[in-house]
Structures are given as structure tokens and as C-alpha cells.
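Working notes, beginning with the structure itself.
The values are calculated or read from the model by the stated rules, or taken from the named source; none is laboratory data. Model, not experiment: these values are computed from the prediction. All Cβ positions, glycine included, derive from the backbone under ideal geometry; neighbour counts span all protein chains shown. Side chains included, ligands, DNA and RNA excluded: accessible areas come from the protein's heavy atoms. Shrake-Rupley method; radii C 1.70, N 1.55, O 1.52, S 1.80 Å.
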Amino acid sequence: MSYSSLVKKCCKFPVALLGLLLVAFLNLTEPGAVFAEQSDTIEITGEGVTTPVTLTLVQLQAMEQYQHVYSTINTWPTKKWYVARGVKLRDLFALAGLKEDATLIRFLSKDGFEVTLTVKEMLQDKRYYYPRLMENHPSDGSIPGSTEKAVEVEPILALLSAEDSNKPADMNDRDALLLLMGQRAISEQTNSLFLKYVNKIEVLTTPPQKWDNPKADLDSGEVPAGSLVRLSNKRNDVDKVHYTTDGSIPDLNSPIFNVSSSRWWALRPDLDLVNQPIKIDKDTVIKAITIGPGKLDSDVVTFTYKADYSGRAAERAKLPAAPPTDLTLDQDKAELKIGSSIMLSASLGSGNAGDTGLVWSSSDTSVATVDHNGLVTLIGPGAAVITVKTADGNLAATCVVRSPDQNSREQDAEPDFVQQDLALEEYQIVPPAAEPVEQPPVEEINAGTESSGEEPVEPVETLEVETAEPEEPIENGQYLAVKEDLAAAADTNAAGEQTENQLVQVFEISVEAGLSQLPVEQNNLDFYTAGFFVFLFLLGASRRYMEYVREVKR
């Protein structure tokens, strides 16, 4: 390539990048304006229906239309109105032939979001519009309104709707097809289930899972008078902890402890005023249950506290804390679709007092990521080991997560890992070629790998682990096998015999490398490759922002 042509390519790249940045800016300003558009068909399928169907927007418009105002609360929580007109879900399922053994309904949207509900909560439980939702407070969803004059309403796919309004004149088709439903209780938070741009409904016969049992941050028993108890569960999001202190069994109408979801906690300096701790100033029995969409209710858990005014409990609390004896995860294997998430729950064994802070890490962040609460998200194909450790590093537990296609690859069924730092090692033996193939220098392999756009990874010279000082979790991918070990493997076959033609590919990748180190003859492709990955990055940031706006605007 001539110097002049290279300059022309370079000049084109900033223009293309500027265009991508402009698109991303417009998307962040109004997320739905660029990437999302209304659905013009709906597909109903799955083993839970007898006759899968696909209906166009014109066919939906020709069906009987149902119009109503819906009351709702989001997870901040904030009270809202919706007015909508559309097709009853019951009518759609009648066309598709809903089977008696149908258990779950999964709604999927054009923008990649999905909502799963049980058949019971969607079609069998009664749902209401509460016209006096705003009573007692016009917006704060932590302050219940009145249930008087409640009207039963139908769940629908709305062709026309208006958010924050109860006036039909405000309706438009911007969010069509929009999943809408009423509330089963005056405090139920349904707004996070209002899914826009629905284009597919899957009806399943899989038995629903059960929500995890609530936990208390203070063990039952004698506690100092005035102690505060906080309840929680895995996610503290749409999975709400309902509780009672009068000895009755909690249900959907009982008070919610985690009324504000964990996604907002960092933004709420008033969190303890919303998710109010339960004060133990007398002998108290707390009964709690987890209730949320798409799963069965958890077991009812009982916490019993005796208020101590003598000071004995306070003195016992000052005694040295015993360290935990073991650490376990509720799952050791998990299969996820790319883009989906799962919450892992860690449990410390007896003696779990004192500093029990946990540290989470992923062996390959190009496959799966994990946050400080144990929320794992699969972001790419392959397998990764999720590890949780105590703050001192003395205890650890692991869970292998993978994408579905890994099940067909027996070689990758169980990734090898070292317990302390969980480094994955991977190598490939290449079958003998018809003619000897000259291997390129390591530097050329390194350069070629960089130009592929894959995230570079620091090579590892040894897999030995010093248990006295645990190493930092791997953040940038999986380790590659040691070059010397692979060279030896190339000279020896499975029977232990020496071979001459067997070849080994050794990949040595550096995190220090940058685009500036690429050969000049590859620059014409790398400019566009870089622009493409910038676009993907902005698209990912936009998606995150869309999730935020979807909730805040409700």
C-alpha cells in the first residue's frame, strides 16, 4: 500500500468514528430513538401451546381491543399511572392453545430484554387497578395508597399506551407492543415487568424454581435491647421480602422490607428510612418470605429475638469472634445464555462472626463477569470459574459457568484450574500436515493476535501458587500454557514416543501491546477494526443506560 493511500484511509477513520460517536450520543440522549422500534409481529411458541402462531400488527388491530388505566409502582419505588389499549393475553393464548401443563411464560423484546412470569401469577391470580394509589402520598411508593374502589383488570399487549398518564388522548404506539398488567396488591411493584417492543412469547412446561429464603443480619436469640435487624435475600431487587412481627404468616399484602431495590442503594442516602430496620425493643418474632415474579414463593422463615436490657448480650458481643469454618456456594455449575445473569449465594459455616467480607472474581472476564454481590453475567462463549473467597483468603468456593454450546465439547466440560488463583491453562495440538510447515516467529504470532481484536492476556511462566500470599484474581482472561511444556508435548505422542511432525501452536499475548505496534501493512484493516469495536463498546454502554432509563422513567 502506498503512503498516500494509507493517509486517505487514516483520514476516513476519524470521520467514521465521529459518526459512531454522534449515533451513540443520540442514543444516550433518547435510547429508544435510535436502536429500538415498535414490534410489528408477535410470535407465540413453546412446548406449552398446541398451535404456535405468528400475528401481524394488522391482525392484532383486527382483534377485540381492551382499554383501561393501570396503576403501578417501580423499584425506586415511585407510583405511576399507565393508560393503554390492546389485546388481552387470554385471547392470544386461546389462539395458540394454552396447554394445561403450561407453567411459565417468557416475554422477549426486540431490544434484548425479557420478562418471565408463572402462568398462575399472569393468568390465574386476580390483578387490579387501584384508583386511589396516590392517596397518602402522590409519588412515594414506600407509602401505600388505599385499596378502596379497586377494579379488576386484564393483562394485555398494548398497541397504544401512555406512561405517567390516565388520559386516553395521550396514548401513542411508541412502545408497542407493550406488556401491561395490574397489581395483585396495593404495594406490588409491577412497573419493572412492563416490557416494551415484545415480539415473542414462549410458553414453557418447565417446573418453576423457588425463590431463596430470606436472611437476617442478626442471629436469633438474646440481643441487646434496641438492636436493629435487616432482612435480605439474594438479589434484593424484584424478589421482595415480605414480613410480619405479629406472629401471622406473611403474604403479598404484608409489609415489604427491601421496598427499594439494591440497584438504587448507592443513590439513596435515605435508605434506612425506606428499607427500615426492625427495632428489637421487646421480645419479637419475625416471619419472612420471598415473593417475586417468575418463581414460586420461598419457604417462610422465622427469626426469634429476646430483648436484653441487663447488658449481658452486649458484653457477649464484645468477646473475640470465632472465624468461619467453611465457605460454600449454592451452585457449583451453571449454564447460561450469553447476556443472561445468575445470582450466586455464598454461605459461611459455623463461627461466622467478625469480619466476613467476601471477594468475588472470574477466571475469564471475556466469558463471565461477577460483581461484589455474586451477580454473574455471561458475556461470551466458553467457560469460566467464578470464585468467592473470604477477605483473609483462607476459605474459597467455586462455580463453573458456561454457555450451552460447551456441553457438546467434552474437552471443555470441566476447565482445569488451580484452587488458589484459578488460572485456566489451554493449548492446542495441531495434527501433522502433509508437508512440514514452518512456524512463524513468536513476534509474528503476537502481532497477528493483536490485530484480531481479541483482548490481550498476560502470559504466565509458571502455574505454581504460593498459598501463604494468594495472588490477585485474574481480570483479563485465561492463562496460556507454558512454552517449554508445549514444546515437550510436541516431541512426545500419547504413547510416550518421540515424534517429528507434530506441531504445537503457542500464543504469547501481551496486555502492554497497543495499536501503535502493529505492522504498517495491516493498518488499512485495523482502522476499521478499531472503529467497529468502538461502536460495540458504545452500544454496550448504551444498553446499560437504557436499563437505567427504563426504570427511572417509570
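Can you tell me the accessible area per residue over the range 266-320, all protein chains present, probe 1.4 angstrom, in square angstrom?
On a per-residue basis, the range 266-320 sits at 60 Å².
Please report the carbon-and-sulfur percent of the accessible area for the range 110-234; probe 1.4 Å, protein heavy atoms only, DNA, RNA and ligands left out.
47 percent
If we sort 263-273, 113-123 on the protection proxy, mean other Cβ atoms within 10 Å, highest first, what's the order?
The most tightly packed comes first, giving 113-123, 263-273.
Sort I156, I338 by accessible area with a 1.4 Å probe, largest first.
Result, largest first: I338, I156.
Once you place label points 7 Å from the Cα toward the Cβ at T325 and K306, how far apart are they in nm?
2.4 nm
Amide H neighbours of L296 under 5 Å, counting only residues 5+ apart in sequence or on other chains, H built in-plane at 1.01 Å?
Q209, K210, W211
Provide H68, H242, H372 ordered by accessible surface of protein heavy atoms (probe 1.4 Å), highest first.
Output order, biggest surface exposure first: H372, H68, H242.
Which whole-Hz ³J(HN,Hα) couplings does the range 246-263 yield from phi under the Karplus relation 6.51 cos²θ - 1.76 cosθ + 1.60, θ = phi - 60°, glycine and proline marked x?
9, x, 7, 7, x, 9, 4, 8, 6, x, 9, 7, 8, 5, 9, 6, 4, 5
Can you give me the accessible area per residue for the range 162-227, using a 1.4 Å probe, in Å²?
Roughly 40 Å² per residue, with all protein chains present.
Using mean Cβ contacts within 10 Å as the protection proxy, how do 292-299, 90-97 order, highest first?
292-299, 90-97
What residues qualify as long-range amide H neighbours of V153, i.e. H under 5 Å apart, gap of 5 or more or another chain, H built at 1.01 Å from N?
Amide H neighbours of V153, under 5 Å, 5+ apart: R127, Y128, Y129.
Please report Rg (one decimal) and Dmax (integer) in Å for the Cα set of the range 133-259.
Here Rg and the maximum Cα pair distance are 18.7, 60 Å.
Magnitude of the Cβ-charge dipole of the range 53-100, K/R +1 and D/E -1, about the Cα centre, nearest 20 debye?
The calculation lands at about 220 debye.
Please state the Cα pair-distance histogram of the range 204-247 with 10 angstrom bins from zero: what percent is in each bin?
Percent of pairs per bin, in order: 20, 42, 25, 9, 3.
For the range 34-120, what is the accessible area per residue in Å², given a 1.4 Å probe and the full set of protein chains?
Numbers: 3720 Å² over 87 residues.
I get 43 Å² per residue for this part.
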